[in-house]
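Each remark here refers to the structure printed beneath this line.
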Amino acid sequence: MTLGLLGIMGCAGERPNNLGVRDGLLAVCPASPNCVSSQADDGKHRIAPLTFSGDPDAAFARLRMALGRRGDTTIIEEKTGYLRVELRTTLFVDDGEFLLDRTLSVIQIRSASRLGHSDLGKNRNRMEEIRGQFLSSELRP
């Protein structure tokens, strides 16, 4: 039983040290298909950013609230216009990032698995769920 527990805990992986904003950009996705980014140049990794109209700070606050409502999400780092989160599934931990781009009225997004090669589309699907929650929070009073 102990070995099984250690095996499951090992699936979380270590927090990457290459995350964060450098020169206005999020980290580049690795070659593996287990990462999506709105700043990626290739179709395999590319996902649309979150779009908004109006006050950028209010939009970012809405995103933070939407993330806070999720049971699988823990905010790890928060700076002005930047959030880094851990996104958990039963066995795995993925890393998500959100970067406010005031000029383009978008929030750049990135989500990547810590371990493995393929995530079977989990990062893309989860980010689309977050997009839906972000957009629906815009409609709430």
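The values are calculated or read from the model by the stated rules, or taken from the named source; none is laboratory data. All of these numbers come straight from a predicted model, not from anything done at the bench. Using ideal geometry, Cβ is built from the backbone for each residue, glycine included, and neighbour counts are taken over all protein chains shown.
Within region 95-132, being touching a residue at least 40 places away in the same chain (Cβ under 8 Å), closer than 18 Å to residue 73 by Cβ and assigned to a strand (DSSP E or B) holds for 95, 97, 98, 99, 100, 107, 108, 109, 110, 111, 112, 113.
Can you pull out every residue in region 57-82 that is at negative phi, out of contact with any Gly (no Cβ under 8 Å at 6 or more places or on another chain) and not charged (D, E, K, R)? 58, 59, 61, 63, 65, 66, 67, 68, 71, 74, 76, 80, listed by residue number.
Taken over region 42-52, the criterion of being modelled with pLDDT of 95 or more and surrounded by fewer than 18 Cβ atoms within 10 Å (Cβ to Cβ) is satisfied by 46, 48, 51. It is to be established whether one or more residues within region 54-64 are assigned to a loop (DSSP other than H, G, I, E, B), without any contact (Cβ under 8 Å) to a residue 40 or more places away in the chain and surrounded by 15 or more Cβ atoms within 10 Å (Cβ to Cβ). No, there is no match, as no residue in region 54-64 is assigned to a loop (DSSP other than H, G, I, E, B), without any contact (Cβ under 8 Å) to a residue 40 or more places away in the chain and surrounded by 15 or more Cβ atoms within 10 Å (Cβ to Cβ). Screening 135, 67 for residues that are among the aliphatic types (A, V, I, L, M) and out of contact with any helix residue (DSSP H, G or I) (no Cβ under 8 Å at 6 or more places or on another chain) leaves exactly one candidate, 135.
Out of the residues in region 4-41 that are of a type in the set (Val, Ile, Thr) and either in a helix (DSSP H, G or I) or more than 19 Å from residue 81 (Cβ to Cβ) (or both), state the one that is modelled with the highest pLDDT. So the residue we want is 36.
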